[in-house]
Amino acid sequence: MIETGLVRRILVDTGANSNIHFRGAFDKLGLRNDNLQTDRNELTGLGDNFLKPDGFIVLPLTIGTGNQRKTILSEFVVLKDSTAYNVILERKTINDLSAVIFTKYLLMKFTAEDGSIETIHGDREIAVECDNASLALRKRSRDVAGIFLADLDAR
């Protein structure tokens, strides 16, 4: 849950430095531009691109259900560009949730508020669908730009 809505298609990215909330999901949750903080003048890296965010927002993020849940406040960068995902969770948020990721098994274990160790299972079919959609977006981006920054030799 983010704010008061159930959000699916969340990428848990241990290499990300920002939580990203894409505009489509932001709008579906009923959040408005009035809720955004825009006082920063930052660029956000997404893959090989740098984007100017629509703004920033702090929202409650809850994983798990019932007594076997954990809620933290997390800052999200809101981007209008879309991907196959609705939200990307960063490394710090994963740590704040006291979560451990097992990518091979598509699961995340975390310490719930009641002290128990809980498990969230990913959906393999949706994960493959999102991965394929992301690869298609990357290919389209490469075709348009001709090259990706990742293709350049850092020297």
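Among the conditions (1) free of Cβ contacts under 8 Å to residues at least 60 places away in the same chain; (2) surrounded by 14 or more Cβ atoms within 10 Å (Cβ to Cβ); (3) more than 22 Å from ASP27 (Cβ to Cβ), ARG124 misses just one, which is (2). Given (1) at pLDDT 85 or above; (2) surrounded by fewer than 13 Cβ atoms within 10 Å (Cβ to Cβ); (3) in contact with a Lys or Arg (Cβ under 9 Å, 6 or more places away or on another chain), where does ASP151 come up short, assuming only one miss? Checking ASP151 against (1) at pLDDT 85 or above; (2) surrounded by fewer than 13 Cβ atoms within 10 Å (Cβ to Cβ); (3) in contact with a Lys or Arg (Cβ under 9 Å, 6 or more places away or on another chain), the one that fails is (1). Note on region 39-88: residues that are at pLDDT 75 or above and either assigned to a strand (DSSP E or B) or charged (D, E, K, R) (or both) total 28. Checking the stated criteria, PHE56 turns out to be surrounded by 15 or more Cβ atoms within 10 Å (Cβ to Cβ) and free of Cβ contacts under 8 Å to residues at least 40 places away in the same chain. Of the residues making up region 72-116, those that are closer than 20 Å to MET1 by Cβ and over 16 Å from the mean Cα position of the chain (by Cα) are SER98, LYS109, PHE110, THR111, ALA112, GLU113, ASP114, SER116.
The values are calculated or read from the model by the stated rules, or taken from the named source; none is laboratory data. A quick note: this is a predicted structure, and the numbers were derived from the prediction, not measured. Positions of Cβ are generated from backbone atoms using ideal geometry, with glycine treated the same way; all protein chains shown enter the neighbour counts.
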